[in-house]
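Some notes on the structure that comes next.
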Amino acid sequence: MKKIVIGLFAILMALSFVLPVTAQAKKPLKVAFVYIGPPGDLGWTYEHERGRLALQKHFGNKIETKYVENVPEGPDAERIIRQFAIQGFDVIFTTSFGYMDPTYAVAQEFPNIIFEHCSGYKTAPNMATYFGRIEEARYLTGIIAGRMTKTNKIGYVAAFGIPEVVRGLNGFALGVRSVNPNAKIQVVWTNTWYDPVKEREAAIALLDAGCDIIAQHQDTTEPQKAAQERGKLSIGYDSDMAQFVGDTVLASAIWNWGTYYIRTIQEVLDGTWKTHSYWGGLKDDIVSLSDLSPLVPANVRKEVENAKKKILGGWSIFTGPIKDQNGKIVYKAGEIIPDDKQLSMDWFVEGVVGKVQ
């Protein structure tokens, strides 16, 4: 009897050590998001928010998510990121290029927290970067714009003259010129990611200059709305902007952030997460092309589908011959612009009117 009592006591003592660990294992993983604008922008932040919601739905009570919107790039961003770290969040996603240095600074202070920065290039053992080859989808939208412009003047409302924006614009221009070498892509810079008024004004300036299709690298639908109000066409970005504007949006190059967020958090839960620099494309479903407007003719749809198949098959949209805007061959036939050169791109291809600011 004495042996049985001692045995039961030993089991109870073991359980007293095991139970707290088990309870701790069931504690939800805390995941934070820092947004440059509001989810209601219907563009950039809207898609990150859709990604967060997809993440929460996928993992349920295994995770707890929170976000802060309208966080300016700069000192205020560092303060918000640090607050999340102090509050005990396990993973922090910062979703704008200008958050790179603030994210890196806080990551140095909290080595046991995982930080993921969107579109930057700085990494650390506990900090990764992620982005996508949105220029692949932009190339496809360029084919549509190139075929459907009547004036051969296509406007492009652009945020900042950083490689991300330049690369996307060049991808779009290469798509345009692949089917219409007479078309020009005219750029107006806003020097802001999110400013509905400036975005609209830039689009109106391009429409006044004779552009009959408006594309953009901004965070809202204002350029598309401005084009529609003038009876013109547009190309969307970030989200499927036709659902907010209408059929005058011929197609949109869109982000599928949920794909990445789910994969990343699964790695964290599995204990397999390692720092990285992720850069997926159409074949990874991190970027995609929206459904096409009914205004897009069948023959153009076929061209887009054929180009998409080539990209999915491994063809790079940055395959030469590629000329700069002065007509000089920068990459010969068959040459592919290396990834490091794409990531530092600071020049425009032939057909683009404007300067990199």
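The values are calculated or read from the model by the stated rules, or taken from the named source; none is laboratory data. Since the structure is predicted, the reported quantities are computational estimates derived from the model, not experimental observations. Methodologically, a virtual Cβ is constructed for each residue, glycine included, from the backbone with ideal geometry; neighbour enumeration extends over all protein chains shown.
Summary table below
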{"item": "One residue from 244, 172 being assigned by TED's automatic domain parsing to the domain that holds residue 293, farther than 28 Å from residue 330 by Cα and either modelled with pLDDT of 95 or more or assigned to a helix (DSSP H, G or I) (or both)", "result": "244"}
{"item": "Residue in region 147-155 that is at pLDDT 95 or above and at positive phi present", "result": "yes"}
{"item": "Filter result for residue 236 (in contact with a strand residue (DSSP E or B) (Cβ under 7 Å, 6 or more places away or on another chain), of a type outside the set (Phe, Trp, Tyr), part of a strand (DSSP E or B) and not assigned by TED's automatic domain parsing to the domain that holds residue 42)", "result": "yes"}
{"item": "Helices (runs of 4 or more DSSP H) contained entirely in region 247-357, each with at least 3 residues that are exposed (fewer than 13 other Cβ atoms within 10 Å of the Cβ)", "result": "298-312"}
{"item": "Cβ pairs under 9 Å, 6+ apart, first in region 322-346 and in contact (Cβ under 8 Å) with a residue 60 or more places away in the chain, second among the basic types (Lys, Arg)", "result": "322/332; 342/133; 342/167; 343/167; 345/167"}
{"item": "Filter result (more than 15 Å from the chain's Cα centre (by Cα), in a loop (DSSP other than H, G, I, E, B) and among the small types (Gly, Ala, Ser)) within region 111-164", "result": "161"}
{"item": "Filter result for residue 98 (out of contact with any helix residue (DSSP H, G or I) (no Cβ under 6 Å at 6 or more places or on another chain), under 30 Å from residue 215 (Cβ atoms), among the small types (Gly, Ala, Ser) and at pLDDT below 95)", "result": "no"}
{"item": "Selection count where residues are within 19 Å of the chain's Cα centre (by Cα) and of a type in the set (D, E, K, R), scope region 256-291", "result": "5"}
{"item": "Those residues of region 1-57 which are at pLDDT 50 or above, surrounded by fewer than 15 Cβ atoms within 10 Å (Cβ to Cβ) and under 20 Å from residue 269 (Cβ atoms), in sequence order", "result": "25, 26, 27, 28, 53, 57"}
